[in-house]
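Heads up: the structure comes next, in structure tokens.
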Amino acid sequence: MSSPRREESEVLRLGDRGPAVTEIRAKLAALGLLDNPDEDLATGKHVALDVFDEELDRAVRAFQQHRGLLVDGIVGEATYRALKEASYRLGARTLYHQFGAPMYGDDVATLQARLQDLGFYTGLVDGYFGLQTHNALMSYQREYGLYADGICGPETLRSLYFLSSRVTGGSPHAIREEELVRRSGPKLSGKRIIIDPGRGGADHGLVMQGPAGPISEAELLWDLASRLEGRMTAIGMETFLSRPIHSSPTDAERAGTANAVGADLMISLRCATQPTPAANGVASFYFGNSHGSVSTIGRNLADFIQREIVARTGLRDCRTHGRTWDLLRLTRMPTVQVDVGYISNPNDRAMLVTAQTRDAIAEGILAAVKRLYLLGKNDRPTGTFTFAELLAHELSAEQTSRLSGP
């Protein structure tokens, strides 16, 4: 008889108890983040396995930090899913591409890393068995005389174990990302950008008092997205919003929209919040995980955006961070999430409700995108690239393109 398992919607935190807590403790012990209960018996140490105590809280936070999750000590859907993924080891199950029910796990990440070392996989090592992993596995199977079905079963596993890596080090995905940016040229005109305003629909977030009256967090983010969209459209970029104004899709659905559009970049706009009003500042996030896989262009863009916004607004610099959130993980293009300020902080909130600050943020993000495609060829100080100068750069790039054309 199997033991009771955690319900999908259940959230566990310090002070909780029950069979689901025992399950979480067992998963963390298997990962080496907690003492094994059997070892506790040998040492005489008593642990109430079904209690979410301070030791378990510390282990959960350490796991969240390592996996690029929000570090809050709470086992919600994202943390539980990551614990489940971390428990898989290559060979423990047959891996294959499933439409509608994709496979995730550290075993998939290990397979991707081995295929990458052998030169067959050029994507992010993200632990997601999608079509790119499926096609890479089929190519490997064909090359080594195996039945090319895209299924990682016993025979394919044996061949992978026996083969030593031809090349290690470096990142084919990073090289491919950087080459796509280099080949696309410095012009922004024609670039396809998905802008993702957070919240939406019935999810209004905090309602604040602005200069023109009450404004919700969702309205604030939609307005910021509109200001950014207007500037990008004026400069000749193709812009798409990830959602209608009265809709609040999940992060996975937002990523799916971006993938369907086939955008060059995705920029997500969110507000941060904390129980304490002392937390303040702007932070930017890109895909980066514990397997050492990083979206290089995402990281570069996050760095440019972070510096531009801080220089233009004076908001506190909370730096850039690699994370494994669905929005960053499931998009097939470099994606950056910008937390433009803490809506729970009075000073940040007072700034964000003003049109002047939202204009500064929108212009800063546009300047950051331009810097990304200039590949370091512009030495203008951060925060000084104006919209008029960006337009002038576009015209110059267009004239250069015409002169160098056939």
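The values are calculated or read from the model by the stated rules, or taken from the named source; none is laboratory data. Owing to the predicted nature of the structure, the values given are computational and were not obtained by experimental measurement. In this analysis, Cβ positions are derived from the backbone assuming ideal geometry, glycine residues included, and neighbour counts consider all displayed protein chains. Surface accessibility is based on the protein's heavy atoms, side chains included, excluding ligands, DNA and RNA. Shrake-Rupley method; radii C 1.70, N 1.55, O 1.52, S 1.80 Å.
Below are the figures for this structure:
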item	result
Accessible area of ARG319 in the full protein assembly, 1.4 Å probe (Å², nearest 10)	150
Two-site FRET efficiency, ILE245 against ALA278, from Cβ-Cβ distance with R₀ of 35 Å, rounded to 0.05	0.60
At R0 = 22 Å, FRET efficiency that the Cβ-Cβ distance of THR233 and GLU253 yields, to 0.05	0.40
Per residue value of the accessible surface for the range 95-168 (all protein chains in place, 1.4 Å probe), Å²	48
Residue (of MET266, VAL340, HIS97) at the positive-pole extreme of the chain, dipole from beta-carbon charges	MET266
Accessible surface, 1.4 Å probe, highest first, among residues LYS191, LYS27	LYS27, LYS191
Rounded accessible area of ASP50 (nearest 10 Å², 1.4 Å probe)	50
Per residue accessible area in Å² of the range 314-378, where ligands, DNA and RNA are left out and the probe is 1.4 Å	36
Residues of the range 79-111 with amide N under 18 Å of a point placed 7 Å along Cα→Cβ from SER159	91, 94-97, 111
Lys, Arg +1 and Asp, Glu -1 on Cβ, resulting dipole of the range 307-361 about Cα centre, debye, nearest 20	140
All lysines inside 21 Å of LYS84 as judged from Cα atoms, apart from same-chain residues fewer than 8 positions distant	LYS27
Under 19 Å from LYS191, Cα to Cα: aspartates and glutamates that are on another chain or at least 8 residues apart	GLU177, GLU178, GLU179, GLU229, GLU238, ASP264, GLU363, GLU389, GLU394, GLU398
Surface share of carbon and sulfur [accessible, 1.4 angstrom probe, percent] for the chain	53
Shape box of the range 174-392 [Cα atoms, principal axes, largest first, Å]	46, 36, 31
